[in-house]
Amino acid sequence: ATSVKRVGCFPRTLVFLLILSLMIAFWGIISVKQTRGDFYVCKTVFVQFGEELAPFNGLYTLEDAGASDIGGRGDYIVRYEGNFSQSSRFFYCEDEGVWAFTFD
């Protein structure tokens, strides 16, 4: 007579629930950090517009959120030296939920 040993499904279910709860916890942490603007993907962004906005082409550098504090997120700012003294920036518009562009 052969005896078949039955493996219980309790350990597999426990491991599955443990992994699932860890994944949900990490997903929640990342979502909260992204919503608060705790980290950014890029510290600098190169922008190239068409001819009418060509003077604003350039490298935009991330400024800390505390510096401008619009929407609790940092601004991407470029400042020009020399004959062209205007500055421009990309910032997050909380009301619209989009990134916007402005210049002096």
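Worth pointing out:
- If R0 is taken as 41 Å, the Cβ-Cβ distance between Ile30 and Thr102 corresponds to a FRET efficiency of 0.85.
- The label point for Thr44 and the one for Leu18, both projected 7 Å from the Cα toward the Cβ, are 4.6 nm apart.
- Residues in segment 50-59 carry Karplus couplings, in order, of x, 4, 5, 10, 3, x, 9, 5, x, 9 Hz; the curve used is 6.51 cos²θ - 1.76 cosθ + 1.60 with θ = phi - 60°, and Gly or Pro positions show x.
- Accessible surface for Phe10 stands near 150 Å², nearest 10, in the context of the full protein assembly shown (1.4 Å probe).
- Approximating the spin labels as points 7 Å out from Cα along Cα→Cβ, the Glu94-to-Leu53 distance works out to 2.4 nm.
The values are calculated or read from the model by the stated rules, or taken from the named source; none is laboratory data. What you see is a predicted model, and the numbers here were worked out from it, not measured in a lab. Because the Cβ atoms are built from the backbone with ideal geometry, glycine has one as well, and the counts that use them run over all protein chains shown. Only protein heavy atoms, including side chains, enter the accessible area calculation; ligands, DNA and RNA are left aside. Shrake-Rupley method; radii C 1.70, N 1.55, O 1.52, S 1.80 Å.
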